[in-house]
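Report on the structure given below.
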Amino acid sequence: MEVESAKCECCGLREDCTREYIAAVKAGFGGRWLCGLCTEAVRDEVAAKKRGDLEGALRDHMSFCAKFGKKGPAFRVADGMRQMLRRRSSDISASAAAAAASSSAAAS
C-alpha cells in the first residue's frame, strides 16, 4: 500500500492516506478530497437539512472554512491533538525516569 499526502479542499489540512482511500473520498464528493473532519461536517449538514443536497452542503462548508483560513476548526483540532501527544510523551518520559531512579535506589 502506497501512502501519499492529500490536502483537504475545504480547510487545507493535510493527511497521509492510501491512494485507495483518497480515491474513495473523491468519489463520494464529486472529485474533491476532504479531510475526515470536513467529511463528517458535510455529511452532518446533509443529514440535518434532510434534503440530500451534497453539493450545497459542500459549498456551504467550503465557504465556512474559507472564513477561518488556517485558524479554522480542523487546525484547532490538529493542534489540540499535537498538544495531547506532547503531554503524553512527556508523562511517559517522566514515568520512565522515575522508575529508573527508584530501581537504581533499590539496587544500591
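No value in this document is a laboratory result; all are computed from the given coordinates. In this text, all values refer to a predicted model and were calculated from it rather than measured experimentally. Here the Cβ is made from the backbone with ideal geometry for all residues, glycine too, and neighbour counts use every protein chain on show.
Details
- 18 Å cut-off, amide nitrogen to a point 7 angstrom out along Met84 Cα→Cβ, residues in segment 1-33: 14-16
- Charge tally in the Cβ shell below 15 Å around Ala94, where Lys, Arg are +1 and Asp, Glu are -1, Ala94 excluded: +2
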